[in-house]
1. Report the extension gain between S129 and L262 in nm, rounded to one decimal, defined as 0.36 nm multiplied by the number of residues separating them, less their alpha carbon distance.
2. Report the label-to-label distance for R57 and L79 in nanometres (one decimal), using points 7 Å from each Cα along the Cα→Cβ vector.
3. Given a 1.4 Å probe and heavy atoms of the protein chains only, how would you sort Y121, Y244, largest accessible area at the top?
4. Under the 0.36 nm per residue contour assumption, what length would be gained going from the current alpha-carbon distance of S27 and T67 to full extension?
5. Would you please name the GluC sites (Glu not before Pro) within the stretch 78-176 that are DSSP coil residues with at most 15 other C-beta atoms within 10 Å of their C-beta?
6. Between L104 and I136, what length comes free when the chain is fully extended (0.36 nm per residue of separation minus the Cα-Cα distance, one decimal in nm)?
7. Please list, in order along the stretch 237-251, the HN-Hα scalar couplings obtained from phi with the Karplus expression 6.51 cos²θ - 1.76 cosθ + 1.60 (θ = phi - 60°), rounded to whole Hz, x for Gly and Pro.
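The values are calculated or read from the model by the stated rules, or taken from the named source; none is laboratory data. Predicted model only: the values in this text are computed from it and were never measured. Heads up, the Cβs are rebuilt from the backbone with ideal geometry, glycines too, and the neighbour counts pull from every protein chain shown. Ligands, DNA and RNA are excluded from the accessible area calculation, which covers all protein heavy atoms including side chains. Shrake-Rupley method; radii C 1.70, N 1.55, O 1.52, S 1.80 Å.
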Amino acid sequence: MSQTKAGRSRVLPGFGLTMGYTVAYLSLVVLLPLSALLINSTGLNWAKFWQVATDPRVLASYRISFTTSAAAALIDALLGLLLAWVLVRYEFPGRRLCDALIDLPFALPTAVAGVSLTALYAPNGWIGSLLAPLGIKAAFSQLGITLALMFIGLPFVVRTLQPVLQDAERDAEEASATLGAGRFRTIRSIILPGLVPPLLTGFALAFARGIGEYGSVVFISGNMPMKTEIAPLLIMSKLEQYDYAGAAAVAVLLLLISFLMLLVINSLQRWSSRKKEAV
């Protein structure tokens, strides 16, 4: 028994070699770029850094980035749950095609997605021309930004929920129905508690992806300062003006805010998992 366990634990090389490779890889891919970002921001003293970070245009870009990302991630969480449920629980013609289309935003270049969405939702586009008479401006507005972020964030939610739904046992659902529970109560008491952790994970992934998105948003947003200018675009504008320290300051603050929000979401996910295990 002990030899079997030892053999299983030694399938990979020893702990020292594996840990060393992991630290080296993370340092090259993650830690060094972040260190360079922090070093570039040191070109500003604290007063100048605070002035750049609290500039009204910068604050407006933060507000637009976070509100549109949160709205898109929330809508993706609801639609992704429905899509994952349909793809896992039902058989219908074209199911495999629909399942493959979910991954399209992963493979499609973001700039292509931005141009396509702009062509659709512009005032003279197929969908935009139908919305214009209703007074709804999709392209070149925060609504357009949200639509673009929904497009690129949806696969994260669906692919996070699908394995959980596939592995879920239906005995509890059948027992609940046998005991006379209605569909709403079965969903609320049996199904949703097990889906909350992966749903929060999908929301966090879509939210994080939306905050840093640039290619699919830059065309449909219109890039109007104080109205539709997102934080990544503002960083690019400062880089084009050779204001490297200012761009790094905006990026550092965006990184800190994003990290804190993801930390809160991950804490909620762990709390939900513990609560489920306790029950």
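1. Values: separation 133, 0.36 × 133 = 47.88 nm, distance 3.76 nm.
The S129-L262 span can extend by a further 44.1 nm.
2. 3.2 nm
3. Details: Y121 45, Y244 125 Å².
Highest to lowest solvent-accessible surface, that is Y244, Y121.
4. On the way: separation 40, 0.36 × 40 = 14.40 nm, distance 3.16 nm.
Going from the current span to full extension adds 11.2 nm.
5. Values: sites: E91, E169, E173, E174; in loops: E91, E169.
When the GluC sites (Glu not before Pro) of the stretch 78-176 are filtered for loop state and at most 15 Cβ neighbours within 10 Å, E91, E169 remain.
6. Values: separation 32, 0.36 × 32 = 11.52 nm, distance 2.72 nm.
Net length gain for the segment: 8.8 nm.
7. 4, 5, 5, 5, 8, 6, 8, 5, 5, x, 5, 5, 5, 5, 5
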